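> If you scroll down you'll find the structure; I have some questions about it.
The values are calculated or read from the model by the stated rules, or taken from the named source; none is laboratory data. Computed from a predicted model, the values in this text were never measured in an experiment. So basically every Cβ, Gly included, is an ideal-geometry build from the backbone, and we count neighbours across all protein chains shown.
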Amino acid sequence: MGRRNPKTALVTGASGFIGGHLVDLLRENKYDVVCFVIKEDNLRWIEGKEVKIVYGDIRDKSSLYPVIEDSIQYVFHLAAVVKSPSLESYFSVNVSGTKNIVEVCMENSPRLKRFVYISSVAAMGPGDKTAIRKETDLCHPITEYGRSKLQTERFLMEHKGRLPFTILRPALVYGPRDFRGLSSYFKLISKGLKPILGEGFTNIIYVKDLVRCFLFAAEMDEALYQTYVVGDEHVYSYREIADTISDLMEKKTIVLKIPLPLLYTAGAFLGAYSKMTHTLPLFDLRRARDIRYRYWMFDTSKAKKELGFIPKYTLEEGVKETIDWYKKEGWIK
């Protein structure tokens, strides 16, 4: 990695969609970067870059000691199970795995300046009717993923004063390199189909804006021991998002309004299929339950007020850049 830089960061989940973008931004900002990945990971987004790659598993505490050492000043903890046919894996990775990292950080990394934990708005749960939810509102997650994230947040709060942490709760994330999440929307719209999955509302965040906020959380004193929702301050309807994608693709589409009972049937079928085939589902009951609740709307003003974080990309700009990337990759035509 060449001459050692004063800023050294460890990124768990570095090979993923968001992790790869974070690694790029850290390198642009002259961080030395250590990427912690499991052997099964596809290293496409980090391979060949000026980073150190270390293999291990956050569920195996012993594998963390060689990588979390005195030189590590920042930890960005992204590694998590988001979709799984196994309910147990949400807690063995998201909760127990994070506990392992925290314990090793406290034992082995005395120079640690910030532990940035990437949680999710799923830890908060949806709102009622048109209420905009804030960080201080009572959390009521509706999925095992959300419950595992909230349990981990509470574990971190128990270590206030012993570990210098910040918790971030991203809204719906999209952008280049995403082949899950909203990518199926782009794919279907490119084929002339515009599915409207319920009549809900949500915040959204372009991945390049999101990882910028990660750096704000790591470097600013104001972020210490704080929790922030990260998203565009504008709330969009699902229809607005779908219309923006189809308009920028210049595609004539057939609108498919999918009723809730059919969503549950599709989620149950695809979830069962993924369990049998040991694959990750693009859509499952967890996602169907999310869509059942219409109001995934969050107040993002705390990050703006305390950190000065304002997304640079409009929805149109982010979607256009994402479309161009998908076309370059041959994902859509």
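Quick grid of which residues meet (1) farther than 30 Å from Arg154 by Cα; (2) surrounded by fewer than 20 Cβ atoms within 10 Å (Cβ to Cβ); (3) small (Gly, Ala, Ser):
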position	(1), (2), (3)
Tyr206	no, no, no
Asp221	no, yes, no
Thr227	no, no, no
His234	no, yes, no
Asp247	yes, yes, no
Glu250	yes, yes, no
Thr253	yes, yes, no
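> A further question on this structure: Output the residues belonging to region 199-239 that are within 29 Å of Lys187 (Cα to Cα) and free of Cβ contacts under 8 Å to residues at least 60 places away in the same chain.
Answer for region 199-239, where residues must be within 29 Å of Lys187 (Cα to Cα) and free of Cβ contacts under 8 Å to residues at least 60 places away in the same chain: Ser237, Tyr238, Arg239.
> Now for a different question. Can you tell me how many residues in region 126-170 are out of contact with any strand residue (DSSP E or B) (no Cβ under 6 Å at 6 or more places or on another chain), among the aliphatic types (A, V, I, L, M) and either within 20 Å of Ala303 (Cα to Cα) or free of Cβ contacts under 8 Å to residues at least 12 places away in the same chain (or both)?
From region 126-170, those out of contact with any strand residue (DSSP E or B) (no Cβ under 6 Å at 6 or more places or on another chain) are 128-132, 134, 136-152, 154-155, 157-162; that's our starting set.
Retained after the next criterion (residues that are among the aliphatic types (A, V, I, L, M)): 131-132, 138, 142, 150, 157.
Cutting the leftovers down to either within 20 Å of Ala303 (Cα to Cα) or free of Cβ contacts under 8 Å to residues at least 12 places away in the same chain (or both) gives us 131-132, 138, 150, 157.
Going through region 126-170 one residue at a time, the tally reaches 5.
Matching residues to (1) modelled with pLDDT of 95 or more; (2) farther than 30 Å from Lys320 by Cα; (3) out of contact with any Ser or Thr (no Cβ under 6 Å at 6 or more places or on another chain); (4) not acidic (Asp, Glu):
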{"site": "Ile132", "(1), (2), (3), (4)": "no, no, yes, yes"}
{"site": "Cys139", "(1), (2), (3), (4)": "yes, yes, yes, yes"}
{"site": "Glu158", "(1), (2), (3), (4)": "yes, yes, yes, no"}
{"site": "Gly175", "(1), (2), (3), (4)": "yes, no, no, yes"}
{"site": "Arg180", "(1), (2), (3), (4)": "no, no, yes, yes"}
{"site": "Ser184", "(1), (2), (3), (4)": "no, no, yes, yes"}
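> Can you tell me which of (1) basic (Lys, Arg); (2) over 16 Å from the mean Cα position of the chain (by Cα); (3) within 13 Å of Ile310 (Cα to Cα) is the one Arg212 doesn't meet?
It is condition (2) that Arg212 fails.
> Still on this structure: For region 213-230, give me each residue that is part of a strand (DSSP E or B) and closer than 20 Å to Val319 by Cα. Steps first, please.
First pass over region 213-230, keeping only residues part of a strand (DSSP E or B): 227-230.
Within region 213-230, just Val230 meets the criteria.
> Any residue at all in region 184-198 that is within 30 Å of Ile68 (Cβ to Cβ) and touching a residue at least 40 places away in the same chain (Cβ under 8 Å)?
Our first condition is that a residue be within 30 Å of Ile68 (Cβ to Cβ); within region 184-198, this holds for none.
No, region 184-198 contains no residue that is within 30 Å of Ile68 (Cβ to Cβ) and touching a residue at least 40 places away in the same chain (Cβ under 8 Å).
> Could you tell me whether Leu172 is hydrophobic (A, V, I, L, M, F, W, C), within 16 Å of Val121 (Cβ to Cβ) and either surrounded by fewer than 18 Cβ atoms within 10 Å (Cβ to Cβ) or touching a Phe, Trp or Tyr at 6+ places or on another chain (Cβ under 6 Å) (or both)? It would help to see each step written out before you state the result.
Working: hydrophobic (A, V, I, L, M, F, W, C): yes; within 16 Å of Val121 (Cβ to Cβ): yes; either surrounded by fewer than 18 Cβ atoms within 10 Å (Cβ to Cβ) or touching a Phe, Trp or Tyr at 6+ places or on another chain (Cβ under 6 Å) (or both): no.
So Leu172 fails the test.
> Would you confirm whether any residue within region 128-137 is crowded, with 16+ Cβ neighbours inside 10 Å, within 19 Å of the chain's Cα centre (by Cα) and not aromatic (Phe, Trp, Tyr)?
Yes, region 128-137 contains a residue that is crowded, with 16+ Cβ neighbours inside 10 Å, within 19 Å of the chain's Cα centre (by Cα) and not aromatic (Phe, Trp, Tyr).
> Just checking, which of Lys304, Lys328, Lys333, Lys312 is over 17 Å from Ser86 (Cβ atoms), at pLDDT 60 or above and surrounded by 14 or more Cβ atoms within 10 Å (Cβ to Cβ)?
Numbers: Lys328 fails: surrounded by 14 or more Cβ atoms within 10 Å (Cβ to Cβ); Lys333 fails: surrounded by 14 or more Cβ atoms within 10 Å (Cβ to Cβ); Lys312 fails: surrounded by 14 or more Cβ atoms within 10 Å (Cβ to Cβ).
After applying the criteria, what remains is Lys304.
> Only one of these is surrounded by 17 or more Cβ atoms within 10 Å (Cβ to Cβ) and modelled with pLDDT under 95: Leu193, Leu197, Leu210, Leu215. Name it. Explain how you work it out, then say what you get.
Working: Leu193 fails: surrounded by 17 or more Cβ atoms within 10 Å (Cβ to Cβ); Leu210 fails: modelled with pLDDT under 95; Leu215 fails: modelled with pLDDT under 95.
Going through Leu193, Leu197, Leu210, Leu215 in turn, the sole match is Leu197.
> Please specify each residue of region 140-164 satisfying the condition of being within 25 Å of Asp232 (Cβ to Cβ), crowded, with 18+ Cβ neighbours inside 10 Å and not hydroxyl-bearing (Ser, Thr, Tyr).
Hits for region 140-164 are Pro141, Gly146, Lys149, Leu150, Glu153.
> May I pose another question? Please go through region 59-91 and give me each residue that is over 28 Å from Glu219 (Cβ atoms) and in contact with a Lys or Arg (Cβ under 6 Å, 6 or more places away or on another chain), ordered by number.
Pro85
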